[in-house]
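Report on the structure given below.
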Amino acid sequence: MTHQSKAHIRLLTPADARLYQGIRLEALQAAPEAFGSTYELERSYTTEQFADLLGRSDVFGAFRSADLLGMAGYRTQVGPKTGHKGSLWGMYVRAAARGQGVGKMLVEAVLAHARGRVELVQLSVVSDNETAQRLYRACGFVEYGHEVHALKFNGRHYDETLMAVALERPAK
């Protein structure tokens with residue numbers, strides 16, 4: 001971190017809906033190619049819909065005082081054949097907080113949350129986003145695939161790099 005106070009990470013709750021709504025919409029505008037959803041779709045969601053999402057999702061927020069600096073979501077896959085895998089999704093750090101370790105703290109929080117729940121955490125990242133890929137590699141992720149034309153935005157296709165990190169097996 002810089003001279004500023006260190007960020008702290010915590011799970012967001014429905015009470016954080018307005019903060020989450022703000023950063024989510026900012027992320028969708030700032031990096032539309034990086035998300036499966038769009039600003040145009042989610043700007044129509046009410047704060048109550050964002051609160052509902054937070055009530056049923058594991059979304060981590062990075063805070064400095066009351067300021068939400070970044071976010072990252074986690075979900076466990078469902079089913080007897082895929083329940084050993086989890087996904088990191090919706091990762092975003094505000095421009096002013098980049099380069100201060102906030103992204104790494106968020107990824108590490110997701111991985112700590114996933115340990116004991118799953119054996120593997122997967123993610124997809126736009127292949128052109130080398131900065132994000134460097135962060136994920138620094139946190140132990142390795143590339144295992146490449147999806148051509150994974151997303152399409154404003155007539156342009158974006159490939160995605162598929163990455164995963166193996167965790168210790170959860171206790172039975």
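Restricting Ser87, Ser124 to those that are surrounded by 14 or more Cβ atoms within 10 Å (Cβ to Cβ) and farther than 24 Å from Leu19 by Cβ reduces the list to Ser124. If you go through segment 142-164 and keep only what is under 13 Å from Leu123 (Cα atoms), hydroxyl-bearing (Ser, Thr, Tyr) and surrounded by 12 or more Cβ atoms within 10 Å (Cβ to Cβ), you end up with just Thr161.
Residues are listed down the side, and each one gets a yes or a no for (1) modelled with pLDDT of 95 or more; (2) of a type in the set (Ser, Thr, Tyr); (3) over 12 Å from Gly90 (Cα atoms):
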site: His3; (1), (2), (3): no, no, yes
site: Arg10; (1), (2), (3): yes, no, yes
site: Ala15; (1), (2), (3): yes, no, yes
site: Gln21; (1), (2), (3): yes, no, yes
site: Ala27; (1), (2), (3): yes, no, no
site: Tyr45; (1), (2), (3): yes, yes, yes
site: Val59; (1), (2), (3): yes, no, no
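Note on segment 1-78: enclosed strands (runs of 3 or more DSSP E) holding 2 or more residues that are on the phi < 0 side of the Ramachandran plot, of a type outside the set (S, T, N, Q) and surrounded by 19 or more Cβ atoms within 10 Å (Cβ to Cβ) are 58-64, 67-76.
Scanning segment 28-53 for residues that are aliphatic (A, V, I, L, M) and within 16 Å of the chain's Cα centre (by Cα), we see that the one that is nearest to Leu162 (Cα to Cα) is Ala34. Could you say whether any residue in segment 113-135 is touching a helix residue (DSSP H, G or I) at 6+ places or on another chain (Cβ under 7 Å) and in a helix (DSSP H, G or I)? Looking through segment 113-135, at least one residue is touching a helix residue (DSSP H, G or I) at 6+ places or on another chain (Cβ under 7 Å) and in a helix (DSSP H, G or I). Residues that are of a type outside the set (Lys, Arg) and free of Cβ contacts under 8 Å to residues at least 12 places away in the same chain within segment 54-76 comprise Ala66, Asp67, listed in sequence order. Kindly evaluate Val107 against the criterion of being farther than 19 Å from Leu28 by Cβ, in contact with a Leu (Cβ under 9 Å, 6 or more places away or on another chain) and crowded, with 18+ Cβ neighbours inside 10 Å. Considered against the rule, which asks whether it is farther than 19 Å from Leu28 by Cβ, in contact with a Leu (Cβ under 9 Å, 6 or more places away or on another chain) and crowded, with 18+ Cβ neighbours inside 10 Å, Val107 comes out as yes.
The values are calculated or read from the model by the stated rules, or taken from the named source; none is laboratory data. These numbers come from a predicted model, not from an experiment. Ideal geometry is used to build each Cβ from the backbone, glycine not excepted, and the neighbour counts take in all protein chains shown.
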